[in-house]
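The values are calculated or read from the model by the stated rules, or taken from the named source; none is laboratory data. Just so it is clear, the model here is predicted, and its values are computed rather than measured. Cβ placement follows ideal geometry from the backbone for every residue including glycine, while neighbour counts extend to all protein chains displayed.
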Amino acid sequence: MPHFDPPSEKLHWTTYSSVDLKLALEKITNTLADFVDRSRQSLDPVVSLQPVKEITQHLALDDYLRRSGQGSPADLLDEFIANYLTTVIRLNDPRFIGHQVARPHFASALADLVNGLTNNGMAVYEMGPGPVALEKYIVDWLLKFVPWGQNRTQSSTHVTGGGFLTHGGSIANLTALLAARGTFDSESWQNGINPAHVFLIPDTSHYCVKRAICILGYGEKNILMLPTDSTGRIDTSQLEATYQRALNANKIPVAVCANACTTSTGLYDDLKTVGEFARSHALWFHVDGAHGASALISDAHRSLLNGIELADSLVWDQHKLLQTSALCTAILFRNPDSLSRIFQQQAAYLGDNENAEFPDLFHQTVECTKIPMGLKFFLILLATGENGLRELLEALFQRTAEIHQLISNRAGFVCDYVPQSNILCFQYRPEQLNQFEVRDQIIDEGEYYFTRTEIKGKKYFRFTVANPETTDKVVLGLLQRIENFDGRQATGSVSDQNEAGS
């Protein structure tokens with residue numbers, strides 16, 4: 001056996017011992033648990049928005065670095081992390097009703113730790129055989145909910161389709177449109193784009209869809225915006241007219257995109273009508289379901305995606321409604337052959353392994369080094385079960401419906417639509433108050449976090465209900481704070497919430 005000398009003393013702090021690891025984990029785990037507990041009890045501001053220079057000063061980064069390498073790192077790491085946690089937004093706080101990111105399950109955070117320690121860059125099979133196997137299992141688990149011809153019964157599921165996990169909806173949407181381009185123009189990888197190609201997308205598409213089309217080499221002139229109704233859903237009565245407008249301009253429509261659901265309102269496009277339109281003209285039908293595709297796991301809400309069986313590709317984030325820490329996104333294809341049309345290139349230094357028993361993923365993915373996202377989602381399934389995820393999603397949708405009713409019944413508040421997911425937009429006396437200015441001042445106070453949006457020129461407050469612990473009492477406290485702006489620019493927070501229910 002070869003003999004290895006232990007690392008020299010001067011390298012001690014660039015290596016580490018299992019004792020260092022255990023000590024650091026014990027200390028930092030206690031710090032994180034306290035952070036979660038305090039967040040759930042709303043003992044600290046949900047967010048503290050300070051200029052970046054002030055936050056940098058607060059973190060005392062230079063001071064910490066001067067103290068580095070002078071003993072066991074556990075105490076210093078724990079001290080810094082505790083300080084760092086005072087600067088982050090608290091997603092576990094029930095007063096967080098903001099952006100579309102999950103309140104993550106601790107099991108997903110454990111996966112992040114395991115991934116950080118094992119560091120398997122799994123796009124090459126031999127760099128992560130276990131992660132590749134786990135990812136393929138998770139993709140099949142997701143595919144069983146997408147009705148692409150399989151026979152799904154209580155006892156068995158035959159899965160059709162293909163796909164993989166990637167780092168977020170932006171990369172996933174880009175990948176789907178790469179596959180669309182490769183399908184309609186197999187020479188595009190060698191010869192470049194056809195400037196006559198156009199893509200039909202709703203004006204309520206996430207900005208990353210337009211960005212992806214431009215990254216592909218097309219310009220904004222190659223994008224035709226589909227008209228939408230007052231709530232931001234595709235006006236299906238205008239589909240044919242938009243298509244004919246493209247033909248009249250000597251353009252060649254390639255793909256049509258739809259939302260499930262829209263980012264601003266959380267409402268679902270009529271996928272069945274859009275899908276039938278796409279089929280009738282032999283267009284690629286892409287569905288951006290980054291936020292709302294998770295409704296597929298619920299018998300109560302699956303009908304929101306009626307028509308998804310007509311889609312050629314589907315983007316589905318697990319870090320939106322399925323308790324997964326960012327990032328974890330599935331890009332799924334009805335036809336598994338679509339995977340071979342994304343890229344057409346080789347990389348000799350990575351090998352050329354297309355053996356199904358030892359599959360490399362880099363042939364299909366934008367990433368070469370890719371974290372094992374399947375572990376993040378599998379550990380959640382292991383901790384909660386499929387029923388646990390389903391119950392959470394249904395609870396969030398139900399909680400949003402209840403909040404909608406609460407707001408609609410309150411004088412001065414306006415909700416222009418009934419929510420279909422966990423996203424809700426509303427206004428308070430819009431003829432008198434600038435909704436954005438009110439929201440921004442409340443956020444500056446740090447007691448609540450919610451977002452804002454603009455739809456058809458109208459400004460709205462926007463909730464994304466990611467926490468079932470966001471009670472009526474929390475919501476009423478925020479509504480009272482908004483009401484304080486009616487005729488007077490009140491400052492400070494609402495402390496008396498006695499009239500609010502539990």
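Among residues of the range 187-208 that are in contact (Cβ under 8 Å) with a residue 60 or more places away in the chain, those with a Cβ under 9 angstrom from a residue that is of a type in the set (D, E), sequence gap 6+ or separate chain, pair up as P202/D235; P202/D269; T204/D269; S205/D288; H206/D288. Taking the range 183-211 as the range and being part of a strand (DSSP E or B) and in contact with a helix residue (DSSP H, G or I) (Cβ under 8 Å, 6 or more places away or on another chain) as the test, the residues that pass are H197, V198, F199, L200, I201.
Is there a residue in the range 452-469 that is at pLDDT 95 or above, over 27 Å from S230 (Cα atoms), in contact with a Ser or Thr (Cβ under 9 Å, 6 or more places away or on another chain) and surrounded by fewer than 21 Cβ atoms within 10 Å (Cβ to Cβ)? No: the range 452-469 contains no residue that is at pLDDT 95 or above, over 27 Å from S230 (Cα atoms), in contact with a Ser or Thr (Cβ under 9 Å, 6 or more places away or on another chain) and surrounded by fewer than 21 Cβ atoms within 10 Å (Cβ to Cβ). The set of residues in the range 334-377 that are surrounded by 18 or more Cβ atoms within 10 Å (Cβ to Cβ), of a type in the set (G, A, S) and either at pLDDT below 90 or farther than 24 Å from N115 by Cβ (or both) contains only S338. Checking each residue of the range 219-231 against the condition of being in contact with a Gly (Cβ under 9 Å, 6 or more places away or on another chain), more than 20 Å from E309 (Cα to Cα) and assigned to a helix (DSSP H, G or I) gives no match.
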